[in-house]
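Participant: Mind having a look at this structure? Questions to follow.
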Amino acid sequence: MELHDLTVAQLAAKLRAREVSATEVAQHFLGRIAADKVGNTLGAFLATDSDVTLAQAKAADQRLAAGDAGPLAGVPIAHKDIFVTRDFPSTAGSKMLEGYRSPFDATVVRRLAEAGTVTLGKLNCDEFAMGSSNENSAYGPVKNPWDPGRIPGGSSGGSAVAVAARLAPAATGTDTGGSIRQPASFCGITGIKPTYGRASRYGMIAYASSLDQAGPMARTAEDCALLLSAICGPDPDRDSTSLDVPAEDFTRSLGGSLEGLRIGVPREFFAEGVSADVRAATESALQQYEKLGARRVAISLPRTELAIPVYYIIAPAEASSNLSRFDGVKFGHRAKQYTDLLDMYRKTRAEGFGDEVKARIMIGTYVLSHGYYDAYYLQAQKIRRMIADDFQQAFTQCDVIAGPVAPTVAWHLGEHGGDPVADYLADIFTLPGSLAGLPGMSIPAGFGEGGMPVGLQLLGNYFAEAKLLNVAHRFQQATDFHLRKPGGFQ
Ligand code: GLN
């Protein structure tokens with residue numbers, strides 16, 4: 001088997017057994033990334049630096065030789081460009097931060113490095129993680145390896161594509177309203193967003209702070225379990241919303257029986273608008289679970305539709321506040337010509353931000369302004385609480401919830417024609433779990449229109465990551481959707 005076909009678990013074992021060196025592995029992946037860049041086929045990577053990567057690989061080899069290496073020693077990984085890194089530029093997909101270098105690493109990046117990973121580079125994403133198609137990046141779109149005429153999903157599009165095209169065995173992503181689950185679904189890979197607060201947000205360029213959460217994207221649930229074990233854990237000095245819940249070895253629960261597991265299937269996730277192919281793949285995944293001993297329970301999440309307006313008030317509100325730091329003074333872009341301070345702010349922000357980001361800052365400022373706050377923001381917060389309560393009601397009837405990740409497979413580049421609302425509507429099934437702060441996954445569950453991958457969404461109650469990962473893992477032991485790879489990326 002080629003090195004790039006190995007999973008994280010397989011690579012880690014080979015590295016520990018010294019069957020291959022971290023340097024050889026890093027060189028292999030750097031070669032694939034460089035070849036893709038020459039052909040400019042996918043656009044997944046925004047930054048690479050082979051000197052940095054190979055120095056990290058060398059250090060991993062030394063630790064492996066000395067026998068004091070972490071569990072992921074020598075395993076290559078690439079980071080969504082929303083995480084700040086000392087050794088690579090960090091742009092958040094925005095012109096505002098072109099060439100920006102952070103003086104420190106994000107906690108997630110640091111923890112993965114401490115576990116022994118070697119960084120391959122930084123991955124394209126929608127600007128400040130605002131988007132569902134990766135078309136909002138200032139550095140161009142990312143293409144879906146299953147059909148380069150289609151979007152990979154967003155905002156962690158580069159992460160999903162790097163993994164699907166075997167340019168990296170794993171990547172980090174962030175999920176504010178679906179940005180790990182939806183691109184994972186569209187690219188046929190596995191991703192998990194943990195419970196809000198389990199992963200530190202320190203060094204994650206902020207979009208909507210009450211929703212932003214980091215997580216791994218890889219090919220298998222087992223790999224996600226390995227990576228998530230390194231990522232999670234309290235970070236009390238640096239992220240005040242990081243929870244005081246100890247790190248956990250998520251691989252320990254893998255393999256448990258699904259006999260008697262109650263899978264809640266929300267009626268609202270099969271409403272009009274869900275395409276026939278997604279319906280069919282979801283249905284056969286549920287049948288597969290029944291074969292594994294699980295039982296279906298019909299449930300209701302009555303405020304599913306409201307998640308769209310609620311999220312698209314709360315997220316822009318928080319974004320408008322978070323993005324006020326980009327003023328041309330502290331870091332990033334500054335307009336070259338201006339008359340006074342106000343003019344400098346205005347020109348800097350006009351030049352540095354893309355259209356979608358500007359639209360959201362305006363919406364956010366509007367819903368927070370005097371006279372509108374009560375009508376929009378406060379109402380949205382109340383409904384957000386009700387959505388979270390609906391889930392608690394549902395979890396009295398079931399152990400996990402399953403349904404589609406998105407109503408359709410990945411659409412064509414440009415298909416939504418710059419209509420942001422078309423993108424917003426496609427987020428309907430990922431937003432409720434995000435608003436409630438619940439952990440969620442997407443696992444490859446079949447193929448639909450045009451041969452495009454379809455993911456199954458699994459949602460669990462707070463801190464049920466281990467259960468979710470096991471539920472996903474058992475499915476992957478019985479199916480091979482996660483092993484298929486896009487043609488042309490052998
Ligand atoms: N599509 C959603 C948005 O544009 C979610 C993005 C995300 O999770 N970062 O806000």
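Bear in mind that the values in this text are calculations on the coordinates, not laboratory data. On a predicted model such as this, the values are computed, not experimentally measured, just so you know. Backbone-built Cβ (ideal geometry, glycine too); neighbour counts: all protein chains shown.
Participant: How fast does the range 274-346 diffuse by Stokes-Einstein, in µm²/s, taking the Kirkwood radius from C-alpha pairs at 20 °C and 1.002 mPa s? Before the final figure, lay out each step's value.
Facilitator: Details: Rh = 17.6 Å.
For the chosen part, D equals 122 µm²/s.
Participant: Next up: When we measure straight from the Cα of LYS330, which lysines land under 30 angstrom away, once same-chain ones fewer than 8 places off are left out?
Facilitator: Partners within reach: LYS80, LYS95, LYS122, LYS347, LYS358.
Participant: Per residue of the range 362-374, in order, report the coupling 6.51 cos²θ - 1.76 cosθ + 1.60 (Karplus, θ = phi - 60°) as ³J(HN,Hα) in whole Hz, putting x for Gly and Pro.
Facilitator: Going residue by residue, I get 5, 4, x, 5, 5, 6, 9, 7, 4, x, 10, 3, 5 Hz, with x marking Gly and Pro.
Participant: Which whole-Hz ³J(HN,Hα) couplings does the range 293-310 yield from phi under the Karplus relation 6.51 cos²θ - 1.76 cosθ + 1.60, θ = phi - 60°, glycine and proline marked x?
Facilitator: After applying 6.51 cos²θ - 1.76 cosθ + 1.60, I find x, 7, 10, 8, 10, 6, 10, 10, 10, x, 9, 3, 5, 5, 4, 5, x, 5 Hz.
Participant: Using only alpha carbon positions, build the gyration tensor of the range 254-412, then give the equivalent ellipsoid semi-axes as the square roots of 5 times its eigenvalues, largest first, whole angstrom. Each step should come with its number before you reach the end.
Facilitator: Values: eigenvalues 380, 74, 42 Å².
Each semi-axis is √(5λ); the values are 44, 19, 14 Å.
Participant: Report, in debye and to the nearest 20, how large the dipole of the chain comes out about its Cα centre when Lys and Arg carry +1 and Asp and Glu carry -1 on their Cβ.
Facilitator: Details: 47 positive and 53 negative charges, 80 e Å.
Dipole of the chain, to the nearest 20 debye: 380 debye.
Participant: In whole Hz, what ³J(HN,Hα) sequence does the range 478-486 give by Karplus (6.51, -1.76, 1.60; θ = phi - 60°), x for Gly and Pro?
Facilitator: Using θ = phi - 60°, the values come out as 9, 10, 10, 4, 6, 9, 5, 10, x Hz.
Participant: Apply the a/c threshold of 1.5 to the C-alpha gyration tensor of the range 322-393 and tell me whether it is rounded, prolate or oblate. Please report the intermediate quantities before stating the final value.
Facilitator: Working: a/c = 3.72, a/b = 2.54, b/c = 1.46.
Prolate, since a/c reaches 1.5 and a/b exceeds b/c.
Participant: What does the convex hull of the Cα atoms of the range 180-271 come to per residue, in Å³, rounded to a whole number? The partial results should precede the final answer.
Facilitator: Details: hull volume 13.6 nm³, N = 92.
Convex hull of Cα atoms, per residue: 147 Å³.
Participant: Can you give me the three principal axis dimensions of the range 356-488 from its C-alpha atoms, in Å, biggest first?
Facilitator: 55, 42, 18
Participant: Another question about this same structure. Could you check what % of the DSSP bridge pairs in the chain are antiparallel, to the nearest 5? Provide the component values of the computation, followed by the final result.
Facilitator: Values: 28 of 41 bridges.
Roughly 70 percent of the beta bridges in the chain run antiparallel, per DSSP.
Participant: If you don't mind, there's one more thing I want to ask. For the range 1-154, report the % of Cα-Cα distances exceeding 29 Å. Walk me through the intermediate numbers first.
Facilitator: Numbers: 2206 of 11781 pairs.
That tail contains 19 percent of the Cα-Cα pairs.
Participant: Please report how far the C-alpha centroid of the range 88-160 lies from that of the range 352-377, rounded to the nearest whole angstrom.
Facilitator: 25
Participant: So, one more: To the nearest 20 debye, what charge dipole does the range 1-96 have about its Cα centre, counting +1 at the Cβ of each Lys and Arg and -1 at the Cβ of each Asp and Glu? All intermediate terms of the calculation are to be shown ahead of the outcome.
Facilitator: Working: 10 positive and 11 negative charges, 35 e Å.
Value, rounded to 20: 180 debye.
Participant: Can you bin every Cα-Cα distance in the chain into 20 Å intervals starting at zero and give me the percent of pairs per bin, rounded to whole numbers?
Facilitator: Percent of Cα pairs in each bin: 26, 60, 14, 0.
Participant: What Kirkwood hydrodynamic radius do you get for the range 129-202 when you take the inverse of the mean 1/r over all pairs of distinct Cα atoms, in Å? Mind dumping the intermediate values first?
Facilitator: Details: mean 1/r = 0.0824 Å⁻¹.
For the range 129-202, the Kirkwood estimate is 12.1 Å.
Participant: A further question on this structure: Mean 1/r over all different Cα pairs, inverted: what Kirkwood radius does the range 71-151 give, in Å?
Facilitator: On the way: mean 1/r = 0.0745 Å⁻¹.
Averaging 1/r across every pair of different Cα atoms and inverting gives 13.4 Å.
Participant: How do the peptides 137-146, 359-368 rank, highest first, by the average count of neighbouring beta carbon atoms within 10 Å per residue?
Facilitator: Values: 137-146: 24.3, 359-368: 18.5.
Final packing ranking: 137-146, 359-368.
Participant: Show me 191-197, 474-480 ranked by packing, highest mean number of other Cβ atoms within 10 Å first.
Facilitator: Values: 191-197: 27.7, 474-480: 16.7.
Descending mean neighbour count gives 191-197, 474-480.
Participant: Of PRO183, SER284, LEU306, which is farthest along the charge dipole of the chain in the positive direction, counting Lys and Arg as +1 and Asp and Glu as -1 at C-beta?
Facilitator: Value: PRO183.
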